[in-house]
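S.K.: Here you go, one structure.
Computed from the coordinates by the stated procedures, all read-outs in this text should not be read as laboratory data. All figures in this text were calculated on a predicted structure; none of them were measured in a lab. Positions of Cβ are backbone-derived with ideal geometry, glycine not excepted, and every protein chain shown enters the neighbour counts.
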Amino acid sequence: MVKAAQNDIVFITTPNVVNPIVEFGSLADYKNAAKRKVSVQCVTNISKRNLDTVLDARNYLKIHHYNDYQGIRFLTVDNRKSFTALDCDAMQSESELHNIWLWSNNADFAKSLRATFEILWT
């Protein structure tokens, strides 16, 4: 989805992901999108764990810090497609984490996620 973006990419990640900035794509994919004049914005918790990646990515991503965000993780592309990760606390054990991943090409759903992103962005 990142490689196919034409206008904009927005995503929100959480601190519990190993490297939140690259959860939905590689740094090279985001960098190439920015070179194509695609706006790329991210909301995440900036910490010691991901600081090196954030410092590298800030040259082509717009990144905002949201302290200890624990909500859903998602990416929307061009307000048309989305990819959402939902943590399922009830299914988690100490040895294995479970997620539900939802891909959608429903523009209304993508716009709803985008509205959530805008609230956190500001």
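S.K.: Work out the FRET efficiency for Thr122 and Asp8 from their Cβ-Cβ distance, taking R0 = 22 Å, and round it to the nearest 0.05.
M.R.: Between Thr122 and Asp8 the formula returns 0.85.
S.K.: Going by C-beta contacts inside 10 Å, put Val17, Val40 in order with the fewest on the left.
M.R.: Final ranking by Cβ density, sparse to dense: Val17, Val40.
S.K.: Same structure, new question: How do Leu61, Leu51, Leu120 line up, fewest other C-beta atoms within 10 Å first?
M.R.: In order of increasing Cβ crowding within 10 Å: Leu51, Leu120, Leu61.
S.K.: Which of Arg73, Arg114, Arg49 has the fewest other C-beta atoms within 10 Å, and how do the rest follow up to the most?
M.R.: Arg49, Arg114, Arg73
S.K.: Quick one: work out the % antiparallel among DSSP beta bridges in the chain, nearest 5.
M.R.: About 60 percent, rounded to the nearest 5.
S.K.: Where nothing but the Cβ of Lys and Arg (+1) and of Asp and Glu (-1) is charged, how large is the charge dipole of segment 21-72 around its Cα centre, in debye to the nearest 20?
M.R.: With Lys and Arg at +1 and Asp and Glu at -1, about 280 debye.
S.K.: Something else about it: Sticking to Cα atoms, compute the Rg of segment 8-121 to one decimal and its Dmax as the biggest Cα-Cα distance, whole number, in Å.
M.R.: Rg, Dmax (Cα atoms, Å): 13.9, 43.
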